[in-house]
1. If you look for lysine pairs in region 839-941 that are eight or more places apart or on different chains, how many of them have Cα atoms under 25 Å apart?
2. Order 1041-1054, 966-979 from most to least packed using the mean count of other Cβ atoms within 10 Å.
3. If you roll a 1.4 Å probe over region 878-945 with all protein chains in place, what percent of the accessible area is carbon or sulfur?
4. Grab the eigenvalues of the alpha-carbon gyration tensor for region 776-902, scale each by 5, take roots, and send me the semi-axes largest first in whole angstrom.
5. Using only alpha carbon pairs under 8 Å that are at least six residues apart, calculate the relative contact order of region 186-296 and give it in whole percent.
6. For region 401-520, what does the alpha-carbon gyration tensor say about shape, rounded, prolate or oblate, given a ≥ b ≥ c as the root eigenvalues, a/c under 1.5 as rounded, and a/b over b/c as prolate?
7. Beyond a 18 Å Cα-Cα separation, which of these cross-linked pairs lie in this structure: LYS683/LYS765; LYS482/LYS621; LYS724/LYS810?
8. What order, most packed first, do the peptides 386-397, 260-271 have when packing is the mean number of other Cβ atoms within 10 Å of each residue?
Amino acid sequence: MGDMANNSIAYSGVKNAVKETNHGDFGVTLAELRSLMELRAADALHKIQECYGDVHGICAKLKTSPNEGLSGNPADIERREAVFGKNFIPPKKPKTFLQLVWEALQDVTLIILEIAAVVSLGLSFYQPPGGNESLCGSVNVGEEEEESEAGWIEGAAILLSVVCVVLVTAFNDWSKEKQFRGLQSRIEQEQKFTVIRGGQVIQIPVADIIVGDIAQVKYGDLLPADGVLIQGNDLKIDESSLTGESDHVKKSLDRDPMLLSGTHVMEGSGRMVVTAVGVNSQTGIIFTLLGAGGDEEEKEKEKEKKDKKTKAQDGAAMEMQPLKSEDGGDGDEKDKKRSNLPKKEKSVLQGKLTKLAVQIGKAGLLMSAITVIILVLYFVIDTFWVQKRPWLAECTPIYIQYFVKFFIIGVTVLVVAVPEGLPLAVTISLAYSVKKMMRDNNLVRHLDACETMGNATAICSDKTGTLTMNRMTVVQAYINEKHYKKIPEPEAIPEKTMAYLVTGISVNCAYTSKILPPEKEGGLPRHVGNKTECALLGLLLDLKRDYQDVRNEIPEEDLYKVYTFNSVRKSMSTVLKNSDGSFRIFSKGASEIVLKKCFKILSANGEPKVFRPRDRDDIVKTVIEPMASEGLRTICLAFRDFPAGEPEPEWDNENDIVTGLTCIAVVGIEDPVRPEVPDAIKKCQRAGITVRMVTGDNINTARAIALKCGILNPGEDFLCLEGKDFNRRIRNEKGEIEQERIDKIWPKLRVLARSSPTDKHTLVKGIIDSTVFEQRQVVAVTGDGTNDGPALKKADVGFAMGIAGTDVAKEASDIILTDDNFTSIVKAVMWGRNVYDSISKFLQFQLTVNVVAVIVAFTGACITQDSPLKAVQMLWVNLIMDTLASLALATEPPTESLLLRKPYGRNKPLISRTMMKNILGHAFYQLVVVFTLLFAGEKIFDIDSGRNAPLHAPPSEHYTIVFNTFVMMQLFNEINARKIHGERNVFEGIFNNAIFCSIVLGTFIVQIIIVQFGGKPFSCSELSVEQWLWSIFLGMGTLLWGQLISTIPTSRLKFLKEAGHGTQKEEIPEEELAEDVEEIDHAERELRRGQILWFRGLNRIQTQIRVVNAFRSSLYEGLEKPETRSSIHNFMTHPEFRIEDSEPHIPLIDDTDAEDDAPTKRNPTPPPSPNRNNNNAADGAIHLTAGRRNKSATSSSPGSPLHSLETSL
């Protein structure tokens, strides 16, 4: 192939020489590269050989060196960006402020108000023709002329306040959007990728990658651009995000060298030359397709939601979900993703709030309707019945003005009743928390994760890096049959052994792992890459040897074969080919696993000697267990030689290669516990949160660390299991996972050691689905590895590690811990609980105002024909209690005391009994005050009564006092609302919240202006100082009254109801459930037509089954029960890594021995029928056929009658 390659280089050189003039002097055009990247596997190889010879040919044309990379000089970089584009996908345009205003105007209550205001305005300008006005009954049309002309003011004022509300809402939405985009770009800036420039390995932001860069790819990376492989070790890629194929694709120079952006590296490592970036990469092309139909796409979406028909292109959009904004700030895509796919279930808080808002809204609607009806009836009966007036044509406009006035009153009652500040409070509170959580090293990717965290009852944490410092050092070693408690002197180790150690460690650690000099004088050396490998390299430096010399001698491309580390192997091996044709393999890994494969060991003089199982048990007892019980990780180093004369081994058969090893050494690596962790775990336990450790480490090491952290305390009865043991206990005879079995284990389980990612996912799923306690558990999980993806997705809140985490893990997570520290999780819990409390505070305040305002408006209107609080005043009150209060109360900072109570859980109502007591108690006080003022105020203050005023009467002092006192009571009650658990001191920590203080003060000042200078528009007249003092005094009364209320024990008030429960499973309407199925299953759309026939057939079979049933009822019982929920079959339904359905596809590692590979993974089962409850037997039949295809899920042995039925199907 060599000469062929050379020929084709020469040939393609001629062919391309002609074109070179027009594309920035590179030997290849953008279009050529783009068309190359659209090919796969064999086609691509053929094309490369035909046009470029090999990868080095491409490098030559792109003017880059496969080993040194680009020079990195700015002019060259600029030129490349000009010719091939930048690695950036332009985000979708954000909504403009005007669009947001328009959206805010869509609010129903506002529309009703606008109409009322416009009608009111129109009528005030309409002058009825002069006539006998006394005919129109006791309707006084205003005493003075200018009064009737001032009729427009009310309408205008209403419109003005509507404008205020709209602007405030729009501004909030806008700032939220802006924050979200800021967050997006922050996430993007943090994404770095390793490239080689000028022979140096450096990390650059993803957006700076350009065509021609040589990029190093390793396990866990999310590829930021398209490229062609130059050199690879055992590279496997998950391309499901682009192709929907869940099988991992092996990449190698001779089979398939094409690496595509947006795909995940699941195993191995390698180097690639970047050939397409940004909009020209595969991800970019798809994004441009999506963005092209921007507006139409939106319309399509709307339509799709209505009629559920989906276009193929939309399928593509959903297929693309996991590629979100890796290469560009595509924040909007993120949003779309969230709205499109049912991310877990509706967050707990949203569920409760929606329900509560609907209840309140209904009550408000009822009240306002009754108000309007009573007013109209009273007026009609009084005018036409009691006074026996005829309806005169010329009086019609005047009557209509009255009706409009009544209508406006009704609407204001409604406006006050509907808590439209609720969504605002939630948004503000979440946005505020998210911003502040940034400072606490929590980067929140999904807003609702923040409040879910407050309900967390269990945290499954990794050990390394989260609970420990991830600063690994070798502290003990067993070399040449001697156990050194500290690192031996180099002289103590025989030369032969030393040679094995040095080469074994230098070559058999990823070349990306290295130890760099400290950044600051006197600091610790910096560990780059895998921390465990850095510890081993550090051991060489301690032995006064340099690993870099060996690496220079044996560069990475000379490694013959590499078996990279993964969670199934738990070891890594590298094969070297010697000059005489012999091979040597070095292996390192978990000590008990590698020792099992060792048949020899280096003796005291450095010569190999036989190593029997008996000796192995001795080493485990005397070396490994003592090391592990001190919390050390034990790693075994070994090697094996393949002599020159023999035929070359079958390298793909790993089990025959990595066996018969010779043990060089066993080392103990210390990873100290972070000093702040034990305290954080104590806080968690006090807050009612169980911390579990899930680790890949040895069980003794795990137990030792768990004791140091306080996850286990001496003398407690808790379980520590190994993955194998755990799996044995939770599976039945058929190997299926059973929920009942998990339920027996998880409440006591504290440490799961030697666990695979599947075990982690099984545990999380088991805890979440468990029904042992009446509260459903809310589980948070930390993860850093690629394979933690399923567990992070399944958990209620997934935390990814910002430093050690792979891109795949970050993509699946809800919150990224920027400092990888467990204490940050505790802070997240605190913030989550704070969000919940802030919203409860807001509700307590809001509902008090609601109750009072509605009752006042209602009774006032019914008794005096006119609401004591005018429409404009109501809107002002509404503004205080909705928008401003939500700002003030939602931004309370959290306190440590939040961690002293148990989590609320999913079913705890938003409004507890204590809060209900506060709401009703304060409402009672306020009503008494308002009604006293309303019906006796004129006597008390010796002023004119404002009751029964004519249509356009000037504002009265009487009603102004009522309004002013009402607002003062709200202001002081806002201070009361700061505490919701019945605490005495409502002022505690009030000055920590500047926003709260400024809002209360600001409201007070505006109120003074409104009353003193508001005049006609606000229906206010000026008040004297004495009247003001009385208003303020009555307002302050609420504080004293609050103290009185809190002395009444809540337990006595049995009659109080709670409100705002979470939605129970049973209450979710059928359609919503159906909708979920609808959203998830793409394949279903294709199957639709076929399914109709399928069901006809099934219905017939059903009838036959029923007949047979009559005879053999006992045999066929299984048919009526579709397989249990926990059968593996369900994991297999949607073969994608993206787990929107929260039933991850797992079988990759599920069979623990990855032997039975392809046949079980590609599983073409038809998705469960959309009409689940249509016919049970049919469902059973589907499940059974599905079961057949997947060994582990089948439940019928070939001889059984079921089997014959399946075959007939």
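1. 6
2. Sorting 1041-1054, 966-979 by mean packing, highest first, produces 966-979, 1041-1054.
3. Details: 1680 of 2540 Å².
Carbon and sulfur atoms account for 66 percent of the accessible area of region 878-945.
4. Values: eigenvalues 433, 41, 32 Å².
Semi-axes (√(5λ), whole Å): 47, 14, 13.
5. 29
6. The shape class here is prolate.
7. Where the Cα-Cα span goes over 18 Å, the pairs concerned are LYS683/LYS765; LYS724/LYS810.
8. 260-271, 386-397
The values are calculated or read from the model by the stated rules, or taken from the named source; none is laboratory data. As the structure is a prediction and not an experimental result, all values here were calculated from the model. We place every Cβ from the backbone using ideal geometry, glycine too, and count neighbours over all the protein chains shown. Accessible surface areas use protein heavy atoms only, side chains included; no ligands, DNA or RNA. Shrake-Rupley method; radii C 1.70, N 1.55, O 1.52, S 1.80 Å.
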